[in-house]
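Single-structure report; data block below.
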Amino acid sequence: MLLALEKNEVAISAVTRAEMRYGLALLQPGDKRRRLVDLLLNEFPVLAWTREAADRYGEIAAHLHQTGQPIGAMDTQIAAHALVLGLPLVTHNTRHFMRVPGLKLQDWLA
């Protein structure tokens, strides 16, 4: 699916970029995945985290906490960012993100 899209049709959240950079930092220096992830991260525009996204994060995090279904701070931030921008969130972990009300999900690996 990703290869069929135009470059300007895909972007990533600044929070997603941070999470991916964290994962890269944990890899061994010679790990071949480093280069692939770097190429991917440098290919797409990064959507800035905003005040509106932060406000939505607070609402979603409180709801998930109150319902006993938290998904983690970074994933909640990513979901909030997608909701504020009115964009679908592309993930293979749909069961995890389904807990966020109103979030549109796409699984390109399904």
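The values are calculated or read from the model by the stated rules, or taken from the named source; none is laboratory data. Quick caveat, the model's predicted, so the values are computed rather than measured. All Cβ positions, even for glycine, are placed from backbone atoms using ideal geometry, and neighbour counts span all protein chains on display.
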Quiz item: Name the residues in segment 52-83 that are surrounded by fewer than 19 Cβ atoms within 10 Å (Cβ to Cβ), of a type in the set (V, I, T) and more than 13 Å from the chain's Cα centre (by Cα), would you?
Solution: T67
Quiz item: Can you name the number of the only condition in (1) polar (S, T, N, Q); (2) assigned to a loop (DSSP other than H, G, I, E, B); (3) touching a Leu at 6+ places or on another chain (Cβ under 9 Å) that Q69 fails?
Solution: (3)
Practice problem: Would you confirm whether any residue within segment 5-12 is surrounded by 11 or more Cβ atoms within 10 Å (Cβ to Cβ) and acidic (D, E)? | Solution: no
Quiz item: Has segment 33-56 got any residue that is of a type in the set (V, I, T) and at pLDDT 95 or above?
Solution: yes
Practice problem: Could you list all residues from segment 45-83 that are of a type in the set (S, T, N, Q) and under 16 Å from T94 (Cα atoms)? | Solution: Q69, T76, Q77
Practice problem: Look at segment 62-84 and say how many of its residues are farther than 11 Å from R99 by Cα, of a type in the set (A, V, I, L, M, F, W, C) and either modelled with pLDDT under 95 or in contact with a helix residue (DSSP H, G or I) (Cβ under 8 Å, 6 or more places away or on another chain) (or both). | Solution: 6
Quiz item: From L36, L41, which residue is touching a residue at least 12 places away in the same chain (Cβ under 8 Å) and closer than 22 Å to Q106 by Cβ?
Solution: L41
